[in-house]
Amino acid sequence: MTSPVSVILDVTDPAAAEEFYATAFGLGPELRVRASEAPTAGFRGCTLSLTVSGPATVDGFIGAALDAGARPVKPATKSFWGYGGVVRAPDGALWKIATSKKKDKGPATRGIDRFVLLLGVDDVLASKRYYVERGLAVGKSFGRRYVDFDTPSSPVKLGLYGRRALAEDAGVSPEGTGSHRLTIAGDSGPFTDPDGFAWEPAAR
């Protein structure tokens, strides 16, 4: 069975990236970085997300990220689904911080409910079939628009989105070339999916 264990980001300066993520988000072993100069331009075809308890916590994480060197991409606002915004980390990765709540029921915290990796794919149904054949169970599926895999024991929640829709959600142009600058470490592999996202065996 294929299940994500951690996300590895390719960065030019691992020490600086580790300092940024420790300061901004306080993530643990579910996020790793390693040195790479793999060329990339524009949208990398994926986003990383933190889902949290309420708007004040969203604002707290976004503020911490900006103070640590991130750049604003999409200001935090209310929407039909909740409240959230997007920042670009110094290494170039896009991060969405969001909550399904529109009002706070308590003070801001540093708690993270879910760490989510969304892959932007050319054909959601084809990519869904590919991952189901590798053993992933589907949690929610909305036709050709979105797939949410059921990975209850994994620290990383994995989903599929149409590439253009994902770029629009993040507030960036869908155009991009080169490396995704991201590898998924899982309990099987190595393999590369139809959209070029590479998996490798997780370190034991």
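The values are calculated or read from the model by the stated rules, or taken from the named source; none is laboratory data. This is a predicted model, so every value here is computed, not measured. Note that we place each Cβ from the backbone using ideal geometry, even for glycine, and neighbour counts take in every protein chain shown.
Below are the figures for this structure:
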{"item": "Near pairs, Cβ below 9 angstrom, 6+ apart or cross-chain, from region 122-135 (modelled with pLDDT under 95) to any residue that is buried (at least 16 other Cβ atoms within 10 Å of the Cβ) and charged (D, E, K, R)", "result": "134/193"}
{"item": "Region 187-204, residues that are more than 19 Å from residue 93 (Cβ to Cβ) and not in a loop (DSSP other than H, G, I, E, B)", "result": "191, 192, 201"}
{"item": "Residue ID - nearest to residue 52 (Cα to Cα), chosen from residues in region 82-111 that are touching a residue at least 60 places away in the same chain (Cβ under 8 Å) and of a type outside the set (A, V, I, L, M, F, W, C)", "result": "110"}
{"item": "Selection within region 94-121 - basic (Lys, Arg) and part of a strand (DSSP E or B)", "result": "96, 114"}
{"item": "Spans of strands (runs of 3 or more DSSP E) in region 1-93 with at least 2 residues closer than 20 Å to residue 192 by Cα, at pLDDT 95 or above and within 15 Å of the chain's Cα centre (by Cα)", "result": "4-11, 31-35, 46-51"}
{"item": "Of all residues in region 116-155 being over 22 Å from residue 8 (Cα atoms) and hydrophobic (A, V, I, L, M, F, W, C), the one that is surrounded by the most Cβ atoms within 10 Å (Cβ to Cβ)", "result": "124"}
{"item": "Condition met for residue 115 (among the aromatic types (Phe, Trp, Tyr) and either under 22 Å from residue 164 (Cα atoms) or more than 14 Å from the chain's Cα centre (by Cα) (or both))", "result": "yes"}
{"item": "Filtered residues of region 156-192 (kept if surrounded by fewer than 18 Cβ atoms within 10 Å (Cβ to Cβ), under 22 Å from residue 139 (Cβ atoms) and either aromatic (Phe, Trp, Tyr) or in contact with a helix residue (DSSP H, G or I) (Cβ under 8 Å, 6 or more places away or on another chain) (or both))", "result": "191"}
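Conditions (1) touching a residue at least 24 places away in the same chain (Cβ under 8 Å); (2) polar (S, T, N, Q); (3) more than 17 Å from residue 120 (Cα to Cα), marked per residue:
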residue: 140; (1), (2), (3): no, no, no
residue: 145; (1), (2), (3): no, no, no
residue: 151; (1), (2), (3): yes, yes, yes
residue: 154; (1), (2), (3): yes, yes, yes
residue: 166; (1), (2), (3): yes, no, no
residue: 169; (1), (2), (3): yes, no, no
